[in-house]
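I have placed the structure first, in the form of structure tokens, so that the comments after it can refer back to it.
The values are calculated or read from the model by the stated rules, or taken from the named source; none is laboratory data. Worth saying up front: this structure is predicted, and the values here are computed from it rather than measured. In this analysis, Cβ positions are derived from the backbone assuming ideal geometry, glycine residues included, and neighbour counts consider all displayed protein chains. We work out accessible area using only protein heavy atoms, side chains counted, and drop any ligands, DNA or RNA first. Shrake-Rupley method; radii C 1.70, N 1.55, O 1.52, S 1.80 Å.
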Amino acid sequence: MDFAYTESELAFQQELRAWLEENLPEGWLEGKRVVPENEDQKAVFLRDWQRKLAEGGWAGISWPKEYGGRGATLMEEVIYEEEMARVKAPPVLNIIGTAMVGPTILQIGTDYQKERYIPKILNGEEIWCQGYSEPNAGSDLAAIQTRAVKKGDKWVINGQKIWTSYAHLADRCFLLARTENTGKKHEGITAFLVDMHQEGVETRTIRSINDRRDFNEMFFNDAIAYDEDIVGEVNQGWKTSLTLLSHERVGVARQTFRLQKQFEELVELAQLLKKNGRPLAADPLVRQNLAIFRAKTKALLFNYYRHLTNTIRAGRPGPEGSMDKLASSELGQEMLAYAMSLQGAAGTLWKEDAFVDQNWQQEYLRSFAYTIEGGTSEIQKNIVAERILGLPKDIKY
């Protein structure tokens, strides 16, 4: 494994750093990372940020150049995620569109779909959500009950989706619906691109434990889609969904690099907080725990690099991504829980009353979803056991 970047990769890194220094919101690099609390103002702020990324050529960097991307290599994608984590850049509001829906349409979509959707995904003009999970079909995604029935030239959709990120802001939804019942769960599913602004779609925001409202329930009551809205083939939606999920690989890189930054901030927190007039960082037990976290974050990073090397050699990602996802999500929870314990009783304070930056409290509460979203830890363990360790399949009694 060679940890040194090539000349072209270093040039890419320097170009990105220069652009970020010039274009990040004023005061951002100095630590004044202010994102509006008001949901509407926040959405406007993040739309403006994505539009700026697109105009600078830094949105969808792995996309083909003819569709507004840079045709970036996998290593350049990794460098991009590393630099964005380093400066804690504002999040991409249309991440479902740029990271999953867009690449899927580029890979298997029709010419019409590419021309219609790709430009607006890239610049954030149209926000996307992903209609996968249902009340009785979360980890067991193939158990979906939302149905789409062909009536004349239309598909009529009825059903419910839940835990849908950004649905309250979304213009379009990448939706899985059952179009035929063959008796086999993975068959008879079709992927649709659904207009969220039509009369037959209702969205209800879910208030999360950290007071955020990014998750939603969606209800489809005779919502309409057309043949031109189908991605892939009718009844082959499971295959299409796997194509979309394969594009989540850089999300693992994003989390891995974010944890490196989070460890640095954890050290700063231990230096800021005091007990009996001395920084907590001077306590031998605290120092020991910080050393353990440093070892774990570095082990996570180097293991990710090892898997990245395998991906580059094989030309495709392997099941090792489940190891990275499992380790990063559980380590993220562990570090945030420790940040709370360092604050003691002050860790229960909220927002303007918080003793230190309230983001620790926000992220700690948010972290309970780490081991659920993107595939639960239990599922990741099964994948590791079966596809990497070669153990027998899990038996259901």
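Report in % the part of the accessible area of the range 62-113 that belongs to carbon and sulfur, leaving out ligands and nucleic acids; probe 1.4 Å.
On the range 62-113, the fraction of accessible area on carbon and sulfur atoms equals 54 percent.
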- [ ] Would you be so kind as to identify which of PRO36, GLN107, TYR305 lies farthest towards the positive end of the dipole of the chain, taking Lys and Arg as +1 and Asp and Glu as -1 on Cβ and the Cα centre as origin?
- [x] TYR305
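Starting from the eigenvalues of the Cα gyration tensor, five times each then square-rooted, give me the equivalent ellipsoid semi-axes of the range 18-159, largest first, whole Å. Don't skip to the end; give the middle numbers.
Numbers: eigenvalues 202, 77, 45 Å².
Listed largest to smallest, the semi-axes of the range 18-159 are 32, 20, 15 Å.
State to the nearest 20 debye the size of the charge dipole of the chain about its Cα centre, where the only charges are +1 on K and R beta carbons and -1 on D and E beta carbons. Intermediate results must be reported in sequence, preceding the final value.
Working: 49 positive and 57 negative charges, 229 e Å.
With only Lys, Arg, Asp and Glu charged at Cβ, the dipole is about 1100 debye.
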Open item on the list: Using Cα-Cα distances under 8 Å and only pairs 6 or more residues apart, what relative contact order does the range 253-388 have, in percent?
Closed with: 25 percent
TODO: May I have the pair-distance distribution P(r) for the range 253-388, computed from all Cα-Cα distances with 10 Å bins from 0 and rounded to whole percent?
DONE: 11, 37, 31, 15, 5, 0
TODO: Could you state the accessible area per residue of the range 253-388 in Å², with a 1.4 Å probe and every protein chain left in place?
DONE: 53 Å²
Open item on the list: Leaving ligands and nucleic acids out of the surface, order HIS168, HIS186, HIS307 by accessible area at 1.4 Å, largest first.
Closed with: HIS186, HIS168, HIS307
- [ ] Choose one answer from GLY152, GLY237, GLY69: the residue with the largest mean-square fluctuation in a GNM of the chain with alpha-carbon springs under 10 Å.
- [x] GLY152
- [ ] Sum up the charges of everything whose Cβ sits under 9 Å from the Cβ of ALA223, counting Lys and Arg as +1 and Asp and Glu as -1, but leave ALA223 out.
- [x] -3
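So what is the relative contact order of the chain, in percent, for Cα pairs below 8 Å that sit 6 or more residues apart? Before the final figure, lay out each step's value.
Details: 588 pairs, mean separation 45.5, N = 397.
Value for the chain: 11 percent.
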Open item on the list: So with the 1.4 Å probe, I'd like the accessible area per residue for the range 2-43, rounded to whole Å².
Closed with: 72 Å²
Task: 10 Å-binned pair-distance histogram of the range 1-90 (Cα, whole percent) - done: 15, 44, 30, 9, 1
Open item on the list: How charged is the neighbourhood of PHE257? Take every other residue with its Cβ under 10 Å from the Cβ of PHE257, and add Lys/Arg as +1 and Asp/Glu as -1.
Closed with: +1
Task: LYS184, LYS381, ranked by accessible area, largest first (probe 1.4 Å) - done: LYS184, LYS381
Task: Average projected area [Cα convex hull, the chain], square nanometres - done: 22.0 nm²
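If packing is taken as the average count of other Cβ atoms within 10 Å, what order do 72-84, 365-377 fall into, highest mean first?
Values: 72-84: 18.6, 365-377: 16.7.
Output ranking for 72-84, 365-377: 72-84, 365-377.
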